[in-house]
Amino acid sequence: MLKNILGYFSNDLSIDLGTANTLIYSRGHGIVLDEPSVVAIREDTGRGGRVVEAVGAEAKNMLGRTPGNITAIRPLKDGVIADFTVTEKMLQHFIRKAHGTRYFRPSPRVLICVPYGSTQVERRAIRESAEGAGARKVHLIPEPMAAAIGAGMPVHEARGSMVLDIGGGTSEVAVISLNGIVYAASVRIGGDRFDEAITNYVRRNYGILIGEATAERIKHEIGSAFPGQEVREASVKGRNLSEGVPRSFTLNSNEILEALQEPLQGIVGAVKEALEQTPPELGADVAERGIVLTGGGAMLRDLDKLLMEETGLPVVIADDPLTCVARGGGRVIELIDEHGPAVFGLE
Amino acid sequence: MNKWIISGSENADDDAIAGQRLARARQEKNIPLRDIAKELHLDEPKVRALEENRFEDLGAAVFAKGHLKKYADLVGVPVDDVMSDYYKMTRSTPPPPLVGPQRSSPREFSPGPWIAGSVFLLAAAAIAALVYWYLTSGEANRIDDNPVNTTVESQQPDESVQEAVPLPRETTQDGATRFEEAEEPLPAAPDAGSQAADSAGNSPAAGEPDAVAELQLSLAFSGDCWTEVSDANGARLFFGLGNAGRIVNVSGVPPLQVLLGDSDNVAVQVNGGDYQIAAGDRRGNTASFTLEAR
């Protein structure tokens, strides 16, 4: 009852609850929140429990730099919830921040994008987490569907549209026609695996240990998926494992390309598998129009070139690929109001 | 693969827009169309459609924009210029910039919280008004109940038991108003003279309205008649619709104000004696008169 009343003062939200970043699209306002999915927890011995110290960008700055009583954690792993309670607290914080209110607890209608490969248990955990965070109504939609809609693909047409959404924890590839998913697959490879591959490469070849944040910075600065004419370099600092002291060294883009080969081949394999499994008529449509890349991983330099060379199909990157899923979810909320939740077979 | 890339090319004709700008740049560099098609992994007709600004041939906007960006990159034309042309031609707009939390919050742009605050204040005021109304109406009921004894009798033999008529009243489904029945008949009003004598010596309330002799008013209804009877204190002794066959007995401190909606359907008795409604008190079927102390 109270949720219904508070619902009148809350905006409908579409939440891209990602492993790396959480984005919130507010109906009528656009993307109102883009924060890392990180929560800093402080062990409060006085009160005998855990207290949320910081959430989002503030907490991410603490990653790897926390004292003993503070732990900066990512409550989502591979696109699904790893820590239910912390996820609920994080969602509660983000929903309140998206509404910008301190006077009452918002109770919005929420649409959450979930990985296509998530299990029923994982979906239920996400739903209950959102309800615990104050949502009065929760819809779940597969991420590739939201990504395709957000990218502006003609998902309602009787023609095949292929989308590849590369997130922080998972990569989702799907072929969509007539508002439904014909084929989809989810591989647990994403931006986090890229960072991990860079960390492993540096440790293996330089004997130096670097943190998550440094690995991510290297990926953004000189990361590449396809050999280019230009070789870029970046200066990196890490701890030398044999000497035990911090050292500075230089990495170049070709080394990072080599480091990323394994996760990249996993994604390419998933796309090829999808093309093999797609019915021939829809496959012909995809070959004619191309594959659309969305998600933060699509911003890896020359990833589209790699996929074009590997598949022989045109590949384009959507406008503002990082926000496609959240924007698509927002459009789905509008379509739910117009046609009901059955239009996309939503849960 | 990027052998055609040049930096900062401004060779395109000013009149050329979007695809035409790309075609001109390609021709200036003597790049065959099929090479561009090969790089973009598109059919030659699709590339030609791009150059002739027939974007609908490429399907949805996301494909046309993606291929335009790649094509511009290949022939060294600034991507922003080509996309600007595209948005002008299609009368569309680029995706809105991210509204980051550090740049804005909905509260700064939306009047929602102010409206919410106002609605909460209004709701609180409405609740306060409701509580005030409830409390004041309760007091009115208590005032009605205390000094007045109202009884209703039926002329029918099997319903000859006297009925007390306390407020509040109930409304039946057919809209008529009736009164709750008391379990026991109330005792008759005490004798005014003895009450006055009793209270004269030891009570400071002597001389107050309670000590004045009450009037006994009996209303015998032969048909429907809306009736209101109030005493000297303004308290309602009876308020409702009298039905045929009912007798309502009320007693109260005079003067009693009586309003009868259809006076022809009512026989009035005061202190056991018949009372004739004066012609001056009648106005059509209704009658309004005052019963003074006797």
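The values are calculated or read from the model by the stated rules, or taken from the named source; none is laboratory data. A quick note: this is a predicted structure, and the numbers were derived from the prediction, not measured. Cβ placement follows ideal geometry from the backbone for every residue including glycine, while neighbour counts extend to all protein chains displayed. SASA here: full protein model, heavy atoms, side chains in, ligands and nucleic acids out. Shrake-Rupley method; radii C 1.70, N 1.55, O 1.52, S 1.80 Å.
Within the stretch A:71-96, which residues are assigned to a loop (DSSP other than H, G, I, E, B) and not hydrophobic (A, V, I, L, M, F, W, C)? Hits for the stretch A:71-96 are A:Arg74, A:Pro75, A:Asp78, A:Gly79, A:Asp83. Of the residues making up the stretch A:315-338, those that are over 15 Å from A:Ser26 (Cα atoms), open to solvent by 10 Å² or more (accessible area, probe 1.4 Å) and either facing chain B (nearest Cβ under 8 Å) or touching a Ser or Thr at 6+ places or on another chain (Cβ under 9 Å) (or both) are A:Ile317, A:Asp319, A:Asp320, A:Pro321, A:Leu322.
When the stretch B:285-294 is limited to residues that are open to solvent by 50 Å² or more (accessible area, probe 1.4 Å) and not aliphatic (A, V, I, L, M), the one that is modelled with the lowest pLDDT turns out to be B:Arg294. For the residues A:Ile81, A:Ile70, A:Ile112, the requirement of being over 15 Å from A:Asn11 (Cα atoms) and under 17 Å from the mean Cα position of the chain (by Cα) singles out A:Ile81.
Looking only at residues in the stretch A:30-70 that are part of a strand (DSSP E or B), crowded, with 17+ Cβ neighbours inside 10 Å and not aliphatic (A, V, I, L, M), the one that is farthest from the other protein chains (Cβ to nearest Cβ) is A:Glu53. Identify, please: which residue in the stretch A:263-294 is among the charged types (D, E, K, R) and within 11 Å of chain B (Cβ to nearest Cβ) and is, among those, most open to solvent (accessible area, probe 1.4 Å)? Ranking the candidates gives A:Glu288 first. Within the stretch B:24-74, which residues are away from every other protein chain (no Cβ under 11 Å), of a type in the set (A, V, I, L, M, F, W, C), out of contact with any Pro (no Cβ under 9 Å at 6 or more places or on another chain) and under 16 Å from B:Tyr87 (Cα atoms)? Of everything in the stretch B:24-74, those that are away from every other protein chain (no Cβ under 11 Å), of a type in the set (A, V, I, L, M, F, W, C), out of contact with any Pro (no Cβ under 9 Å at 6 or more places or on another chain) and under 16 Å from B:Tyr87 (Cα atoms) turn out to be B:Leu50, B:Phe55. Within the stretch A:322-339, is even one residue touching a residue at least 24 places away in the same chain (Cβ under 8 Å) and part of a loop (DSSP other than H, G, I, E, B)? No, the conditions are met nowhere in the stretch A:322-339.
Return yes when A:Arg159 is within 30 Å of A:Val245 (Cα to Cα) and either outside any strand (DSSP E or B) or modelled with pLDDT of 90 or more (or both) and no when it is not. For A:Arg159, the condition - within 30 Å of A:Val245 (Cα to Cα) and either outside any strand (DSSP E or B) or modelled with pLDDT of 90 or more (or both) - is not met. If you check A:Val182, A:Val173 for being within 20 Å of the chain's Cα centre (by Cα) and closer than 26 Å to A:Gln265 by Cβ, only one passes: A:Val173. Here A:Gly297 passes the criteria (1) surrounded by 23 or more Cβ atoms within 10 Å (Cβ to Cβ); (2) within 14 Å of chain B (Cβ to nearest Cβ) except the one numbered (2).
Checking B:Pro97 against (1) outside any helix (DSSP H, G or I); (2) modelled with pLDDT of 60 or more, only one condition comes out false. Which one? The failed condition is (2). Applying the set (1) open to solvent by 20 Å² or more (accessible area, probe 1.4 Å); (2) over 17 Å from A:Leu63 (Cβ atoms); (3) in a helix (DSSP H, G or I); (4) not acidic (Asp, Glu) to A:Val231 leaves exactly one unmet item: (3). If the condition is being hydroxyl-bearing (Ser, Thr, Tyr), over 18 Å from A:Asp192 (Cβ atoms) and at pLDDT below 90, then the stretch A:3-59 contributes A:Tyr8, A:Ser10, A:Ser26, A:Thr45.
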